[in-house]
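Student: Next up is a structure, given as structure tokens.
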Amino acid sequence: MLDKIKEIYKEVEEFKVDNKEHLEQFRLSFVSRKGKITELFEELKQVAQEEKKAMGQELNKLKNKAEEKFKELNEHFENQKSSSVNTGIDVTLPSVPNELGSRHPLSIVREKIVRVFERMGFNLSEGPEIEDDWHNFTALNFPENHPAREMQDTFFIEKNPDIALRTHTSSVQVRVMENQKPPIRTLSPGRVFRNEAISARAHCVFHQVEGLYIDENVSFADLKQTLYHFAKEMFGKDTKIRFRPSFFPFTEPSAEIDITCLICKGQGCNICKYSGWVEIGGAGMVDPNVLENCKIDSKKYTGFAFGMGIERITMLKYGIKDLRLFTENDVRFLRQFTSLG
Ligand code: DAH
């Protein structure tokens, strides 16, 4: 009988329990009342009196060993169960995919414009969206009460007529010229405001990018070449530009800039109103009065400036027909744009 006890002891020790089913088999074999160990206790009754004590001790050792092993393993599996129940996390599930947003078309185009001018040596500058009369109008050679101020429907602050939301990024020109000495080559993208009804073609909040180049001997030819290079980089090498005479108080001479229509390639279509040309902004030679207002010697220095609408350029670039799409935040619209090389 001693051999049998030893044999079963070894079995208990070596029994492999990897899961709950194995544990149940272990319980049935060694711990339950119908198991092998109970059977041995039955057999003990037949054992001669002298051997009973020693035998009984061995058998109890076996019994304890089996019960201990069962208890330990049982606890182990219970813990495993409760930890997954408590956290409610199934680590085997596939993870939720991370949705990647996309850049706003206006940001993409602004960045492209900035990159083209940066390569020509322009740096970036910015100014406040809430401006004073000096920077938005007076320093830019808008005489007081001159009708030119009405070209731009301005949002004024009732309590203080000196403060307004800037109507153009030309105000940043003034700030740069007041604070820096020529040579100046700067680009100022930013948000501007005008008191206009919202429609497919107009908005009260939109974006412009202003360019300014001041140095000795800067000429109108430099202006033309700079904008021509920009047009080719931005819209493709076959793009042409043309200048139409115009008026701005801060430039003399002034021009409006057209590029060949991207939709019909100059053939004429309803986007360009059958002219083959579309306008992208205004430009000119900085008026000497403006230079002097900013304490720059207009005898020594000349310069050119230009201003373009970022919405306008974006609409031409992507063939977008309604300005309101830019601010409606409809993801079906927004997710269509990828960055421009
Ligand atoms: N500020 C003008 C506007 O908002 C655009 C403009 C025209 C800017 C001519 C310039 C310029 O710098 O030279 O309509």
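Student: Filter the stretch 229-287 for residues that are among the hydroxyl-bearing types (Ser, Thr, Tyr) and buried (at least 18 other Cβ atoms within 10 Å of the Cβ) and give the result. Show your work before the answer.
Tutor: The initial filter retains those residues of the stretch 229-287 that are among the hydroxyl-bearing types (Ser, Thr, Tyr), namely 239, 246, 251, 254, 260, 274-275.
Answer for the stretch 229-287, where residues must be among the hydroxyl-bearing types (Ser, Thr, Tyr) and buried (at least 18 other Cβ atoms within 10 Å of the Cβ): Thr239, Thr251, Ser254, Thr260.
Student: State all residues of the stretch 31-54 that are assigned to a loop (DSSP other than H, G, I, E, B) and of a type in the set (Ser, Thr, Tyr); if no residue qualifies, say none. Don't jump to the end; show me each part of the working.
Tutor: First, the residues of the stretch 31-54 that are assigned to a loop (DSSP other than H, G, I, E, B): 32-35, 45-48.
Ser32 - this is the single residue of the stretch 31-54 that is assigned to a loop (DSSP other than H, G, I, E, B) and of a type in the set (Ser, Thr, Tyr).
Student: Evaluate the following for Ala197: is it out of contact with any Ser or Thr (no Cβ under 7 Å at 6 or more places or on another chain) and open to solvent by 40 Å² or more (accessible area, probe 1.4 Å)? So that I can check it myself, show each step before the final result.
Tutor: Details: out of contact with any Ser or Thr (no Cβ under 7 Å at 6 or more places or on another chain): yes; open to solvent by 40 Å² or more (accessible area, probe 1.4 Å): yes.
Yes.
Student: When the stretch 136-168 is examined, which residues are found to be open to solvent by less than 20 Å² (accessible area, probe 1.4 Å) and either in contact with a Pro (Cβ under 6 Å, 6 or more places away or on another chain) or part of a helix (DSSP H, G or I) (or both)?
Tutor: Residues satisfying the conditions are Asn136, Ala139, Leu140, Phe142, Ala148.
Student: Tally the residues that are open to solvent by 60 Å² or more (accessible area, probe 1.4 Å) and touching a residue at least 24 places away in the same chain (Cβ under 8 Å), restricting the search to the stretch 289-300. Even if it seems obvious, please write down each step before you answer.
Tutor: Our first condition is that a residue be open to solvent by 60 Å² or more (accessible area, probe 1.4 Å); within the stretch 289-300, this holds for 289, 292, 295, 297, 299-300.
Restricting the remaining residues to those that are touching a residue at least 24 places away in the same chain (Cβ under 8 Å) gives 289, 295, 300.
So the count comes out to 3.
Student: Right, Ser171: part of a helix (DSSP H, G or I), polar (S, T, N, Q) and in contact (Cβ under 8 Å) with a residue 40 or more places away in the chain or not? Let's see the steps before the verdict.
Tutor: Working: part of a helix (DSSP H, G or I): yes; polar (S, T, N, Q): yes; in contact (Cβ under 8 Å) with a residue 40 or more places away in the chain: yes.
So Ser171 fits the description; yes.
Student: OK, next. Residue by residue through the stretch 302-320, note down the ones that are within 13 Å of the ligand (Cβ to nearest atom) and in a helix (DSSP H, G or I).
Tutor: Ile310, Glu311, Arg312
Student: Of all residues in the stretch 41-60, which are open to solvent by less than 50 Å² (accessible area, probe 1.4 Å) and under 24 Å from Asn74 (Cα atoms)? Lay out the reasoning, then the answer.
Tutor: Initial filter on the stretch 41-60 (open to solvent by less than 50 Å² (accessible area, probe 1.4 Å)): 44, 47-48, 55-56, 59.
Once the filter is applied, which keeps residues that are open to solvent by less than 50 Å² (accessible area, probe 1.4 Å) and under 24 Å from Asn74 (Cα atoms), the stretch 41-60 yields only Leu59.
Student: Is there any pair with a first residue in the stretch 92-108 that is at pLDDT 85 or above and a second that is of a type in the set (Gly, Ala, Ser) whose Cβ atoms are under 7 Å apart and which are 6 or more apart or on different chains, and what are they?
Tutor: Arg103/Ser339; Ile108/Ser339
The values are calculated or read from the model by the stated rules, or taken from the named source; none is laboratory data. Quantities reported herein were computed from a predicted structural model and do not represent experimental measurements. So basically every Cβ, Gly included, is an ideal-geometry build from the backbone, and we count neighbours across all protein chains shown. These accessible areas exclude ligands, DNA and RNA; they are computed on the full protein's heavy atoms, side chains included. Shrake-Rupley method; radii C 1.70, N 1.55, O 1.52, S 1.80 Å.
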